Amino acid sequence: MQELSNLAGRIASCDVNVLITGETGTGKELLARAIHQMGSRSGGPLVAFSCANLPETLVEDELFGHEKGAFTGAFLNRQGRVESANHGSLFLDEVGDLPIALQPKLLRVLQERNFERLGSNRTINVDIRIISATNHNLADLVKQGKFREDLYYRLNVVELHLPPLRERTDDVSLLAHHFLHKSAQHFRKNARRFSQAALSSLEQYSWPGNVRELENIIQRAVVLSDGPTIECSNLPPAFRSLAQKPVADAESLAVGKASTYEEEIKRFKRNLVVRTLRECGWRKAESARALGVARGYLHRLINQLDIREDQGQSLPEQSDVPFGTVM
């Protein structure tokens, strides 16, 4: 995610079209807004439109607008999203669902920077940047004849892929705390933190709905909370069962008695962190740099793995754990 953020920052000032890919709920629109705000068009509008599950005629009218009398019920001229985005950015969400008959018209906007409203022969010039997003594989849609190849390459000057939340579990705690503070403020609740069991269950969940699902779960937990701490009882039943999974205790982790995959990973992390802390004289900032992780994440690992300086001196050496390995 840091690499993705750095790449987004580098391309923001360059007025190129961007294609954001990733599963539903990963935050593609948030990334598009960040690119717009960091770019040279930040003073102009960012106009968003989703192409998903809409009739072709409605999509055409929404994107390009119409002239008075263009069809029954068109009593006034109407400006479309493309025209509204002039001197700014147009964000096309789920662009893979754009009807094939409308794709040449969007291609013209990309190539010529002009179009006509429905029912008009007057050409309208626009100065826009297009940021698009999709949860489809557009290259596969091109092979299937459902998406124009020339339009694909025009949209995909730079591609940014947002990985699903299950592939970046380190972000779960950061995002959960962010949504906790946001929801507590919005609903005027006193919730300020998670219990260890609640946070552990959040980190173990697979998150099929990605960041959007996480935000909804945290909103629910905040609304149901009575005190400053979010407990497992505030989470849906699926999370409570995760919190009840047995976890190897510190002694088992230290002597290597853990047998499950999760326990072995936890033992590996604990021994690696302890070894690095010991090598760095228990200086946490230096240890975080050696591990290649943020200092805040290292602090969370120390708390989660119940690491104390006096314990670290007695842990066995792990010759198969190289110093400086990034988890």
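The values are calculated or read from the model by the stated rules, or taken from the named source; none is laboratory data. The structure displayed is predicted, hence computed values, not measured ones. Here the Cβ is made from the backbone with ideal geometry for all residues, glycine too, and neighbour counts use every protein chain on show.
A search for C-beta distances below 6 Å between a residue of segment 50-65 that is outside the structural domain of E94 (by TED's automatic domain parsing) and any residue that is of a type in the set (K, R) and not in a loop (DSSP other than H, G, I, E, B), counting only pairs 6+ apart in sequence or on different chains, returns nothing. If only residues of segment 109-125 that are under 13 Å from E67 (Cβ atoms) and touching a helix residue (DSSP H, G or I) at 6+ places or on another chain (Cβ under 8 Å) are counted, the one that is surrounded by the fewest Cβ atoms within 10 Å (Cβ to Cβ) is E116. Look at segment 182-208: where a residue is in the same structural domain as A238 (by TED's automatic domain parsing) and part of a helix (DSSP H, G or I) and a partner is of a type in the set (D, E, K, R) and surrounded by fewer than 19 Cβ atoms within 10 Å (Cβ to Cβ), sitting 6+ places away or on another chain with Cβ atoms under 6 Å, you get A198/E231.
In summary, helices (runs of 4 or more DSSP H) completely within segment 1-112 and bearing 3 or more residues that are farther than 19 Å from L160 by Cα and out of contact with any strand residue (DSSP E or B) (no Cβ under 8 Å at 6 or more places or on another chain) occur at 56-64, 103-112.
Restricted to segment 294-327, and to residues there that are among the β-branched types (V, I, T) and at pLDDT below 80, the residue that is farthest from the chain's Cα centre (by Cα) is V321. Taken over segment 12-55, the criterion of being aliphatic (A, V, I, L, M), crowded, with 16+ Cβ neighbours inside 10 Å and out of contact with any helix residue (DSSP H, G or I) (no Cβ under 8 Å at 6 or more places or on another chain) is satisfied by A32 alone. Among the residues of segment 75-100, those identified as more than 31 Å from the chain's Cα centre (by Cα) and surrounded by fewer than 16 Cβ atoms within 10 Å (Cβ to Cβ) are F75, L76, N77, Q79.
For segment 215-230, a tally of residues being in contact with a helix residue (DSSP H, G or I) (Cβ under 6 Å, 6 or more places away or on another chain) and of a type outside the set (V, I, T) returns 5.
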